[in-house]
1. Do you know which residues across segment 266-303 are over 17 Å from residue 352 (Cα atoms), touching a strand residue (DSSP E or B) at 6+ places or on another chain (Cβ under 9 Å) and of a type in the set (Asp, Glu)?
2. Can you say whether residue 121 is touching a Ser or Thr at 6+ places or on another chain (Cβ under 7 Å) and either at pLDDT below 90 or of a type in the set (Asp, Glu) (or both), as far as the supplied structure shows?
3. List the helices (runs of 4 or more DSSP H) that sit entirely inside segment 284-383 and contain at least 2 residues that are closer than 30 Å to residue 113 by Cβ and over 17 Å from the mean Cα position of the chain (by Cα).
4. Which one is surrounded by the most Cβ atoms within 10 Å (Cβ to Cβ), of the residues in segment 169-184 that are within 22 Å of the chain's Cα centre (by Cα) and more than 20 Å from residue 91 (Cα to Cα)?
5. Kindly provide the set of residues from segment 249-265 that are of a type in the set (Val, Ile, Thr) and in contact with a strand residue (DSSP E or B) (Cβ under 7 Å, 6 or more places away or on another chain), ordered by number.
6. Would you pick out the residues in segment 1-14 that are under 17 Å from residue 88 (Cα atoms) and either touching a Pro at 6+ places or on another chain (Cβ under 9 Å) or not in a loop (DSSP other than H, G, I, E, B) (or both)?
7. For segment 155-168, what are the residues that are surrounded by fewer than 19 Cβ atoms within 10 Å (Cβ to Cβ) and under 16 Å from residue 141 (Cα atoms)?
8. Provide a single number: the residues in segment 131-152 that are among the aromatic types (Phe, Trp, Tyr) and over 23 Å from the mean Cα position of the chain (by Cα).
Amino acid sequence: MKIGIVCYPTFGGSGVVATELGLALSKRGHEVHFITYKQPVRLDQLSSNVKFHEVHVPNYPLFHYQPYELALSSKLVDMVKLHEIEVLHVHYAIPHAYAGYMAKKMLEEEGITIPMVTTLHGTDITLVGNHPFYKPAVTFSINASDVVTSVSESLKKDTLELFNIKKNIEVIPNFIDVSKYDRKGFKDCQREMMAENNERIITHISNFRKVKRIQDTIKVFYQVQKRINSKLMMVGEGPEKEKAEKLVEELGIEDKVMFLGASYEIDKILCFTDLFLLTSKRESFGLAALEAMINSVPVVSSNAGGLPEVNKQGVSGYLCDVGDIDDMTEKSLLIIEDPEKLKEFKRNAKKVAETFDINHVVPKYEAVYQNLLEKKSIKKMEY
């Protein structure tokens, strides 16, 4: 199949998942075309089966804000015609599903029918999409898609509650490529660079937005470090970082907290991590938690959104009510105070993560594409 993938090319979960999906599809013999304004951060290899097409937005003085949706839909039309793309898979409802629909209609004028799959990832629904300015367009775009998928049962439920959706939503979870995390022969962990042998390392990774409640993470760590010698690695950039740094100063734990920025060495950081903290108010899935777990790192998280579908209570870690600092502290200590219990949780975390292996998930998307193409063939025969 020839598949066109539209996504954000940034560090965000939707862009990472879309890129990994495209690369996996290419390895299974499909021709994949990424169509976006910049090469995705995880797209480090182009090949005969993987192409990247940049969307240019002309700088025209008439527009106060340059119309990316218009440029994207036009680029989609051109690429579908030039490369005979058979299926469009757009990640994020806005603006991608909206632009994809416009491209579909333009192509229909030229006698070309192309089915479109829309995958919902989270904030495109629960935050941005639910804004009164965007809600009608998002509702229309979802209903106009040929197939709609969401990354968790929780997100599906939220979508059906927030929007007047007339289509079935199929849940296909996020995934991880387990083969990339084979630690055999991996000797570059260098844990001693970050901590002493008697110190536990706790890590948080996010985009530091308000919804992540990173001040809760720091408050939990503050309580934990009173009882066990430990350090906190804060990985990421975002609007809440300055407040977090100020809180660290106020608590007097500057020597125990490291702000590492938007690192490209996530796996190396997780390699020497003992516990992952994710105190979010809302998570559509919890990809950061899954990436920690596949690196054998147990997770203490809030029980928000899709996190209970990823982090298994008492097995890969613990789930706590949003904002419950005391419970998160106790659950963290329950894991890291006892070395043998920590080893058990580390083993369990990896086992749970392996159930989300990409090889279990990609065939589900392939089945969606194939079903759409078969329906398209039947319609052609009817005409």
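The values are calculated or read from the model by the stated rules, or taken from the named source; none is laboratory data. Values in this document were obtained by computation on a predicted structure and should not be read as measured data. Heads up, the Cβs are rebuilt from the backbone with ideal geometry, glycines too, and the neighbour counts pull from every protein chain shown.
1. 283 - this is the single residue of segment 266-303 that is over 17 Å from residue 352 (Cα atoms), touching a strand residue (DSSP E or B) at 6+ places or on another chain (Cβ under 9 Å) and of a type in the set (Asp, Glu).
2. Details: touching a Ser or Thr at 6+ places or on another chain (Cβ under 7 Å): yes; either at pLDDT below 90 or of a type in the set (Asp, Glu) (or both): yes.
Against the criterion (touching a Ser or Thr at 6+ places or on another chain (Cβ under 7 Å) and either at pLDDT below 90 or of a type in the set (Asp, Glu) (or both)), residue 121 qualifies.
3. Values: elements: 287-294, 307-310, 325-336, 339-354, 358-382.
Counting at least 2 such residues, we get 358-382.
4. In this case the residue turns out to be 181.
5. Correct list: 257 only.
6. Just the residues of segment 1-14 that are under 17 Å from residue 88 (Cα atoms), to begin with: 1-9, 14.
Matches in segment 1-14: 2, 3, 4, 5, 6, 7, 8, 9, 14.
7. The initial filter retains those residues of segment 155-168 that are surrounded by fewer than 19 Cβ atoms within 10 Å (Cβ to Cβ), namely 157, 160-162, 164-168.
Across segment 155-168, the qualifying residues are 160, 162, 164, 165, 166, 167, 168.
8. Initially, segment 131-152 is screened for residues among the aromatic types (Phe, Trp, Tyr), giving 133-134, 140.
Going one step further and asking which of them are over 23 Å from the mean Cα position of the chain (by Cα), we end up with 133, 140.
Counting residues in segment 131-152 that are among the aromatic types (Phe, Trp, Tyr) and over 23 Å from the mean Cα position of the chain (by Cα) gives 2.
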